[in-house]
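Heads up, the thing below is written out as structure tokens.
The values are calculated or read from the model by the stated rules, or taken from the named source; none is laboratory data. Not measured: the values here are computed from a predicted model. Note that each Cβ is placed from the backbone with ideal geometry, even for glycine, and that neighbours are counted across all protein chains shown. Surface areas here come from the heavy atoms of the whole protein model, side chains and all, with no ligands, DNA or RNA. Shrake-Rupley method; radii C 1.70, N 1.55, O 1.52, S 1.80 Å.
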Amino acid sequence: MAFPYHFSEVSPQLRKVDKASSEYQALSVIAESLEHPQRTILSTFIKKAENRELASQFFLNVISNGTVSEFLTDWVTLLEKVRPAICNELEESLKRSIWQRDGGQCCISKFQDPKKFDGSPLFVYILSPSLFQNGDVAQNARLHKLFAAYIGEPQLQNLRSLLDQTSCSNRDLSAQALLLSPRVFEHFKNGRLSLNLLSSATTADSAQYSVNAHNMIPPNQMESFDSYILLENKATDLGTALPSAQLLALHKRFADSWAWLEVWEYMKLASPPSWKPEKTARSDPQPPPKTSWSPWPLLRPVTRILQYFWLRLPVFFRAFAYRRLASIGGRLYGRLGSFDRTHRLPFNLYLRVDTADWARYHQAEFRALQLVATHTQIPVPRPLDTITHANSSFLLMTGLPGTILGRSLAVMTDAQIDAVVQDLKKYIAELRHIPNQTGSGFQICNPLGGGILDWRIADSKREELKFRDETEFHQYLRKPWGFDAAQWRSIAKAHGRVGGHEIVFTHADLNMRNILVDENNKISGIVDWECAGWYPEYWEYTKAHFTTRFTTRWIADVLDQVWRGYRDELVVENILTDKAPPW
């Protein structure tokens, strides 16, 4: 995961590094010295090292006589030298042995059809056998010391012995190579794909690995791989060996570093003007780029007229049309998630479909979108229709441009993250000024004055939960559970705040999936308002952590910058959610 700029502000529970350690000191220097993604690339030298404290001490010692940028350059150079590479000079007999051992197919994808993965399998070295013949990596050379600090001196000496070609038999050489399809090789080479040995499922001629697949660059499309694969030796009679578990473990250790190196290359192509490793002062915000002319504003009156007449058609007819459109949308655009609740339709429309008992939530979201559009400048979908018919409830709304922020976070610069923070601060301030005029007498309620829907509170999906004040709300959250003395002290501090918390209008599900960004990574929309309503002022912040507790850059560089308080409330929410699973 990306390494945050505000590392020193990360909570101890998330940071998990002692402030007195060399590791904390090293990571702090990296955070203060480099922009993303260079900062993240260099942080992997510490975070993925065999001994993080020794690697940190090595880093601090080297930069005491040099610069962080020079160390980064050496680290990137080493990363390039230890990448998997295509075997160009294997003997034919060895090629035949490896081909038969892997069954003539990519040993990860297991596809025999070349068309599936862009061609016939390639013979690939997990690590180049000639690595230590390179002057920079030779014994006692600069990169050799760097390598030793990262994986440990004993492991490095074992690696030298494994790659010593003067004593290598065909069996030893076969252990250094494997068959991969061209596309899988690209994933493997760039750290998008790595293997983790399951030692309990290992025999002399087979080994089971879990497959770690992660893609941080939005345009890259990765295939689906099985969660586990079995590497088998199908040519034991030819004296071949399985691919080396030691080399595959080394590849896994470097995988994150290669993946972030690919992100850096992608970001340089996306923003070529100025890419300097050292951190520079933040520039003033730039005016938004000019957008191309669009005819849609001129068509808005026409769409309003069509909507006027559409809403006067019988409910049964609209329900029939919505079901047909949902079916068409499924064929055109596929599923939008693990639940068939939201469908993308033609004409930039989106449709929520659920059972009739969900109608009150559709009506509440419809009202939430109206309130936000009326009282704020937040870009939100425009609600068009909500109906109930034949045990089904429907909510129709317009779509918004952009992609999910979570898919772009890895390739966003620090300046772009700062812009998101400033926009969110503005939008949250606007939301908090939406008045509660429901007349229901309940302070904590949905936009219609009824029961809230909140994924953090399991019973909200089954009961009409609304509360007259914050005290009643907090009593409900605590009611079923027992707490030790330390937990009660934390609860008293957060829930017993003098003067209480202001009750404000809240999105209540503001996570990386529900914020959209445009091609310049600026916020283009906020979606999924079904949980919106009036809650205590801290709820937006604590709920934003609910499904992203360990995404450090999102938490440290976005959430903790938008909301500078509510840390005590977050501690209590973590206590409560650990006790109350959301089902």
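Could you state the per residue volume, in Å³, of the convex hull enclosing the Cα atoms of region 23-135?
Spread over its residues, the Cα hull of region 23-135 gives 152 Å³ apiece.
Which of the listed residues, SER43, VAL62, HIS6, is farthest toward the dipole's positive end in region 1-94, when Lys, Arg count +1 and Asp, Glu count -1 at the beta-carbon?
HIS6
With +1 on each Lys and Arg Cβ and -1 on each Asp and Glu Cβ, how big is the dipole of region 136-247 about its Cα centre, in debye rounded to the nearest 20?
Using Cβ point charges on Lys, Arg, Asp and Glu, region 136-247 gives about 320 debye.
Please list log₁₀ I(q)/I(0) at q = 0.08, 0.15, 0.16, 0.17 Å⁻¹ for region 101-260, using the Debye equation with identical point scatterers on the alpha-carbon positions.
One equal scatterer on each Cα of region 101-260 leads to -0.24, -0.87, -0.99, -1.10.
Cα-based Rg (one decimal) and Dmax (whole number) for region 1-61, in Å?
10.5, 28
Which of the peptides 354-362, 43-51, 128-136 is most tightly packed, and how do the rest follow, judged by the mean count of other Cβ atoms within 10 Å per residue?
43-51, 354-362, 128-136
If packing is taken as the average number of other Cβ atoms within 10 Å across a peptide's residues, how do 181-192, 499-510, 526-537 rank, most packed first?
526-537, 181-192, 499-510
Take the residue pairs LYS16/LYS493; LYS19/LYS579; LYS425/LYS461; LYS493/LYS543; LYS189/LYS268; LYS48/LYS81 and return only those whose Cα atoms are more than 21 Å apart.
LYS16/LYS493; LYS19/LYS579; LYS425/LYS461
Which whole-number value in Å² is the accessible area per residue of the chain, probe 1.4 Å?
48 Å²
Normalised by the residues of region 26-135, what does the relative contact order come to in percent, with Cα pairs under 8 Å and at least six apart?
It comes to 24 percent, rounded to a whole number.
Can you give me the Kirkwood hydrodynamic radius for region 317-385, using every pair of distinct Cα atoms, in Å to one decimal?
Computed over region 317-385, the radius equals 13.2 Å.
Ignoring everything but the protein chains, give the 1.4 Å probe accessible area of LYS95 in square angstrom, nearest 10.
Surface open to solvent at LYS95 totals about 50 Å².
State the Cα centre-to-centre distance between region 152-230 and region 479-523 in whole Å.
Between the Cα centres of region 152-230 and region 479-523 lies a distance of 42 Å.
Once neighbouring chains are kept in place and the probe is 1.4 Å, which whole percent of the accessible area of the chain is contributed by carbon and sulfur?
Here carbon and sulfur together make up 53 percent of the probe-accessible area.
What fraction, in whole percent, of alpha-carbon pairs in region 407-515 exceed 26 Å separation?
Roughly 36 percent, once rounded to a whole number.
With unit charges on the beta carbon (Lys/Arg positive, Asp/Glu negative), name the residue among CYS445, HIS187, TRP358 whose Cα is farthest towards the positive pole of the charge dipole of the chain.
Checking the options against the dipole of the chain, the answer is TRP358.
When the solvent-accessible surface of protein heavy atoms is calculated with a 1.4 angstrom probe, in what order do TRP488, TRP455, TRP99, TRP539 fall, highest first?
TRP488, TRP99, TRP455, TRP539
Rounded to a whole number of µm²/s, how large is the Stokes-Einstein D of region 429-583 at 37 °C and 0.692 mPa s, given Rh as the Kirkwood radius over C-alpha pairs?
The Stokes-Einstein estimate is 201 µm²/s.
Could you give the C-alpha radius of gyration of region 194-247 expressed as a fraction of 2.2 N^0.38 Å, taking N as the number of residues it contains?
Dividing the Cα radius of gyration by 2.2 N^0.38 Å gives 1.39.
Using Cα centres only, tell me the gap between region 390-425 and region 9-68 in whole Å.
What the calculation gives is 31 Å, centre to centre.
What is the magnitude of the charge dipole of the chain about its Cα centre, with +1 placed on the Cβ of each Lys and Arg, -1 on the Cβ of each Asp and Glu, and no other charges, expressed in debye to the nearest 20?
Approximately 1380 debye in magnitude.
Which of MET397, ALA241, ALA492 sits closest to the plus end of the dipole of the chain, meaning its Cα is farthest towards the positive end, when Lys and Arg get +1 and Asp and Glu get -1 on the C-beta?
Projecting each Cα onto the dipole axis, the largest value belongs to MET397.
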